[in-house]
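Undergrad: One structure coming up, written as structure tokens, with questions to follow.
The values are calculated or read from the model by the stated rules, or taken from the named source; none is laboratory data. Computed from a predicted model, the values in this text were never measured in an experiment. Backbone-built Cβ (ideal geometry, glycine too); neighbour counts: all protein chains shown.
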């Protein structure tokens, strides 16, 4: 028979479990905070000591990568321990605005746009505009996700149904992860490549920022990965995670970039494949008539 003392202990343990996902979210915020500081510090020495700025930019990119890990863990831990709360969802979204919205903007601005283009140039102004639109699209994406999470039915006519296995639109953490992985792959300021190449690379980054913003507010389907590890093949998953972890440790700049590009592009590939399959079905149906 359970005593009153045991019930009190169990309730205390249950309350303590709510702290765990919050701690991961706090770590997420901390990584975003450090990413912004490292980006600012790198920009301060980008002209005089580009090799030192390289180290700061790399630290900022790694901090964003760690934030993605913490952001993934807080949701999984909350679901595993059944400690998900409404305030936890809102807290996580506010953390994502900082870590995956403002932090990558500060990094890309310091590493690429501000380091390459003069402050009074047209390219600099357009780059700032694109960064602002990236932030707006990411924030809108988070607001839409929160609304769909609290109201899982169809919100209005034409709105896609919410699916736990898939996200509607590119989530903001993978978008920030792609930008951070590019900087981690080549942390030297773009201005150090010479005026011609620096302008070319920076313009490519600006195009990528615009594409990421559009993908975030699109209705393309992206796998949520929430069902990974919940099946019967957990042993194979653990082996795959161990192998991936070792590859990241040895070749992080290559592996993280490949994974980021693969995730961001798989929604587009999925959409094209679905269109081609639907068109082939229509042609087959027409030929049967």
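Undergrad: Enumerate the helices (runs of 4 or more DSSP H) found wholly within segment 45-108, keeping only those where 2 or more residues are surrounded by fewer than 17 Cβ atoms within 10 Å (Cβ to Cβ). Don't jump to the end; show me each part of the working.
TA: Numbers: elements: 50-81, 86-96, 103-108.
In segment 45-108, 50-81, 86-96 are the helices (runs of 4 or more DSSP H) which contain 2 or more residues that are surrounded by fewer than 17 Cβ atoms within 10 Å (Cβ to Cβ).
Undergrad: Does residue 263 satisfy being under 17 Å from the mean Cα position of the chain (by Cα) and modelled with pLDDT of 80 or more?
TA: Answer is yes for this residue.
Undergrad: In the list 95, 61, which residue meets the criterion of being in contact with a helix residue (DSSP H, G or I) (Cβ under 6 Å, 6 or more places away or on another chain) and modelled with pLDDT of 95 or more? Working first, answer last.
TA: On the way: 95 fails: modelled with pLDDT of 95 or more.
Just a single option satisfies the conditions, and that option is 61.
Undergrad: Considering only residues of segment 187-210 that are buried (at least 16 other Cβ atoms within 10 Å of the Cβ) and free of Cβ contacts under 8 Å to residues at least 60 places away in the same chain, which is nearest to residue 167 (Cα to Cα)?
TA: By that ranking, first place goes to 208.
Undergrad: Related question: Answer yes if at least one residue in segment 190-208 is farther than 20 Å from residue 138 by Cβ, in a loop (DSSP other than H, G, I, E, B), out of contact with any strand residue (DSSP E or B) (no Cβ under 9 Å at 6 or more places or on another chain) and at pLDDT 80 or above, and no otherwise.
TA: Yes: one or more hits.
Undergrad: Give all pairs with beta carbons closer than 7 Å in which a residue from segment 44-62 that is on the phi > 0 side of the Ramachandran plot and touching a residue at least 60 places away in the same chain (Cβ under 8 Å) meets a residue that is surrounded by 14 or more Cβ atoms within 10 Å (Cβ to Cβ) and part of a loop (DSSP other than H, G, I, E, B); count only pairs at least 6 apart in sequence or on separate chains.
TA: Nothing qualifies.
Undergrad: Need the failing condition index for residue 139 against (1) outside any helix (DSSP H, G or I); (2) more than 16 Å from residue 261 (Cβ to Cβ); (3) modelled with pLDDT of 90 or more, just the number.
TA: (1)
Undergrad: Same structure, new question: Considering only segment 114-143, how many residues are closer than 18 Å to residue 196 by Cβ and either without any contact (Cβ under 8 Å) to a residue 40 or more places away in the chain or crowded, with 24+ Cβ neighbours inside 10 Å (or both)?
TA: So the answer is 5.
Undergrad: Moving to a separate point now. Taking segment 266-281, which residues are at pLDDT below 85 and either within 19 Å of the chain's Cα centre (by Cα) or surrounded by 12 or more Cβ atoms within 10 Å (Cβ to Cβ) (or both)? So that I can check it myself, show each step before the final result.
TA: Residues of segment 266-281 at pLDDT below 85: 274-281.
Correct list: 274 only.
Undergrad: Checking residue 112 against (1) closer than 17 Å to residue 177 by Cα; (2) within 18 Å of the chain's Cα centre (by Cα), only one condition comes out false. Which one?
TA: Unmet condition: (2).
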